[in-house]
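Trainee: Before I ask anything, let me first share the structure, which is written out below as structure tokens.
The values are calculated or read from the model by the stated rules, or taken from the named source; none is laboratory data. What you see is a predicted model; the values in this text were computed from it and never measured. Heads up, the Cβs are rebuilt from the backbone with ideal geometry, glycines too, and the neighbour counts pull from every protein chain shown. Please note that ligands, DNA and RNA were not included when accessible areas were found on the heavy atoms of the full protein model with its side chains. Shrake-Rupley method; radii C 1.70, N 1.55, O 1.52, S 1.80 Å.
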Amino acid sequence: MKFAIVGAGLSGAVIGRELAEAGHSVTIFESRATIAGNCHTERDAESGVMVHVYGPHIFHTDDEEVWHYVNGYQRFMPYQNRVKTTSRGAVYSLPVNLHTINQFFGKTMRPDEARTFIESKSDQTITEPANFEEQALRFIGKELYQAFFEGYTRKQWGLDPKSLPASILKRLPVRFNYDDNYFFHRFQGMPENGYTAMIGAILDHRCISVRLGTRFTPAEASAWDHVFWSGPLDAWFGFDLGRLGYRTLDFEMFRHNGDWQGCAVMNYGDADVPWTRITEHKHFSPWEHHDGSILYKEYSRACEPSDIPYYPIRQINEKALLAKYVARAKNLAGVTFVGRLATYRYLDMDVTIREALDVARATLSAIAVDQRPPPFHVQMD
Ligand code: UDP
């Protein structure tokens, strides 16, 4: 069969490869001049540092098959994300761990003491946290919430944390030991030659052709046996019901000779510091040596039509609009919506790959019995 895939990011590449391996012909349309979507990495000519062009991407997963999958296309080097945060003139360790708690409260507590102490600070009247703020007050209490999460979250999302889902905070653990690994997954690492090289290797198959700098319009869909769309869901419909809300990021690049901040990612918890975090890219490749350094100061703001969408906001307004687009999409045949933008979800890389593998396999099973793949392979209600 002849498949068109729109977008050469993780979803498009993984689906394309699975279909190509099964002998189908795959054409990938990518409007940008580069593959790899927002995972795109590029070596900085001046310093030689591998830059995460669209912001920090750290690969972590509990999914053994996905870990083997990515390792099949690129060597993953040991990397553990250890994030720091600057708040009210002091530097602390994230995620909130025993070091953070002892430093913040000026104490020398052992794990059980800290647990009891934080419980005494937390709001036990909140049994079912209904939003981001309640989740924080329930699990870490007011002081830590205000120092590390309230200001950062307002800057990152442009919203009152009371109107954000608790699930955003559930991404971060709270630890009563000195483990400062940002993630709790079994597997974590960084591709030796960057994500673009990894995705390039996935796309390197005789049945796959990639058309860079080429926009695909839904009107062209009938020329293909099936289309996989990883662009924004509302873009498929020409935004005719309105636009789903996103946050976009601006990066202010600066250089330094030497080591500017001593870690890859420094967050800024204070509301009056306009950026959310600073990334020093060379620390993502600790196995390399570079004298020069390139850094990104990261600012978050509302995404305008001409901006790159990063984070789906998924607030009440967006949910109502999303439901309308989803209802329309469900009546379509010949197209499957995949990935972060087309399913409008905050997806980590490993989940994106897992879903892409599942979609591709379900597609192969469907066409084997002459059925058309459905528009969605994930729960969209
Ligand atoms: N967050 C925060 N302070 C921090 C780090 C994270 O308030 O120092 C909140 C913020 O709302 C953020 C969410 O936790 O959007 C998830 O953080 P994560 O580091 O997973 O964000 P990502 O790296 O995906 O942007």
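Trainee: Considering amide H positions built from the backbone, and no H for Pro or chain starts, which residues 5 or more places from Val335, or on another chain, come under 5 Å of its amide H?
Mentor: Distant-sequence amide H within range of Val335: Val227.
Trainee: Using each residue's phi in region 89-98, evaluate 6.51 cos²θ - 1.76 cosθ + 1.60 at θ = phi - 60° and report the 3J(HN,Hα) Karplus result to the nearest Hz, with x for Gly and Pro.
Mentor: Running phi through 6.51 cos²θ - 1.76 cosθ + 1.60 with θ = phi - 60° gives x, 9, 9, 10, 8, 10, x, 3, 9, 4 Hz.
Trainee: A further question follows. Roughly what angle does helix 10-21 make with the longest principal axis of the chain, taking Cα atoms, 0 to 90 degrees, to the nearest 10?
Mentor: 40
Trainee: Using only C-alpha atoms and all pairs of different ones, pull out the Kirkwood radius for region 168-258 in Å with one decimal.
Mentor: On the way: mean 1/r = 0.0524 Å⁻¹.
After inverting the pairwise mean of 1/r, the radius is 19.1 Å.
Trainee: Test of understanding: in a Gaussian network model of the chain with alpha carbons linked when under 10 Å, which of Val338, Val369, Val227 would top the mean-square fluctuation ranking?
Mentor: Greatest mean-square fluctuation among the candidates belongs to Val369.
Trainee: Please list, in chain and number order, the residues 5+ apart from Asn81 or on another chain whose amide H is under 5 Å from its amide H, with Hs placed from the backbone.
Mentor: Residues meeting the criterion, in which the H sits 1.01 Å from N, are Tyr182, Phe183.
Trainee: Sticking with this one: Based on the Cβ-Cβ distance from Tyr299 to Glu128, what FRET efficiency comes out when R0 is 30 Å, to the nearest 0.05?
Mentor: 0.30
Trainee: Work the Kirkwood hydrodynamic radius out for the chain: mean of 1/r over every pair of different alpha-carbon atoms, inverted, in Å.
Mentor: 22.2
Trainee: Sticking with this structure for a sec: Spelling out what I want: for every residue of region 318-327, take phi, set θ = phi - 60°, compute 6.51 cos²θ - 1.76 cosθ + 1.60 (Karplus), and round to whole Hz; glycine and proline get x.
Mentor: 5, 4, 5, 5, 4, 4, 5, 5, 4, 4
Trainee: What range in the chain is the longest one free of GluC sites (Glu not before Pro) that are in a loop by DSSP and have at most 15 other Cβ atoms within 10 angstrom?
Mentor: Longest gap between qualifying sites, sites excluded: 47-191.
Trainee: Note the angle between two axes, namely the Cα long axis of helix 111-121 and the longest principal axis of the Cα atoms of the chain, as a number of degrees from 0 to 90, rounded to the nearest 10.
Mentor: So the helix axis and the longest Cα principal axis differ by about 90 degrees.
Trainee: Mind listing the long-range amide H neighbours of Gly194? Cut-off is under 5 Å, sequence gap 5 or more, other chains count too, H placed in the peptide plane at 1.01 Å from N.
Mentor: none
Trainee: Also, I was wondering about something else. For the chain, with all protein chains present and a 1.4 Å probe, just round the carbon and sulfur fraction of the accessible area to a whole percent.
Mentor: Carbon and sulfur: 50 percent of the exposed surface of the chain.
Trainee: Grab every C-alpha pair in region 57-175, bin the distances at 5 angstrom width from 0 up to the longest one, and report whole percents.
Mentor: Binned Cα distances yield the sequence 2, 10, 17, 19, 17, 13, 10, 7, 4, 1.
Trainee: Determine the per residue accessible area of the chain with all protein chains present and a 1.4 angstrom probe, expressed in square angstrom.
Mentor: Per residue, the chain has 44 Å² of solvent-accessible surface.
Trainee: At a Förster radius of 51 Å, what calculated FRET efficiency corresponds to the Cβ-Cβ distance of Ala366 and Glu252, to the nearest 0.05?
Mentor: On the way: r = 47 Å, r/R0 = 0.92.
Rounded to the nearest 0.05, the efficiency is 0.65.
Trainee: For labels at His185 and Val273 in the simple 7 Å Cα→Cβ model, what's the distance in nm?
Mentor: 2.7
Trainee: Grab the Cα-Cα distance for Glu143 and Gln80, subtract it from 0.36 nm times how many residues apart they are, and report the gain in nm with one decimal.
Mentor: Values: separation 63, 0.36 × 63 = 22.68 nm, distance 2.75 nm.
Contour length minus the Cα-Cα distance gives 19.9 nm.
Trainee: Right, here's the next one. Whole-Hz Karplus ³J(HN,Hα) for region 358-365, in order, using 6.51 cos²θ - 1.76 cosθ + 1.60 and θ = phi - 60°, x for Gly and Pro?
Mentor: The phi angles translate into 5, 4, 5, 5, 5, 5, 5, 5 Hz.
Trainee: Contact order normalised by length for the chain, with contacts defined as Cα pairs under 8 Å and 6 or more residues apart; what percent is it?
Mentor: Working: 745 pairs, mean separation 94.7, N = 381.
Relative contact order here is 25 percent.
Trainee: Short version: what are the Cα gyration tensor semi-axes of region 119-208, square root of 5 times each eigenvalue, largest first, in whole Å?
Mentor: For region 119-208, the ellipsoid semi-axes come out as 36, 17, 12 Å.
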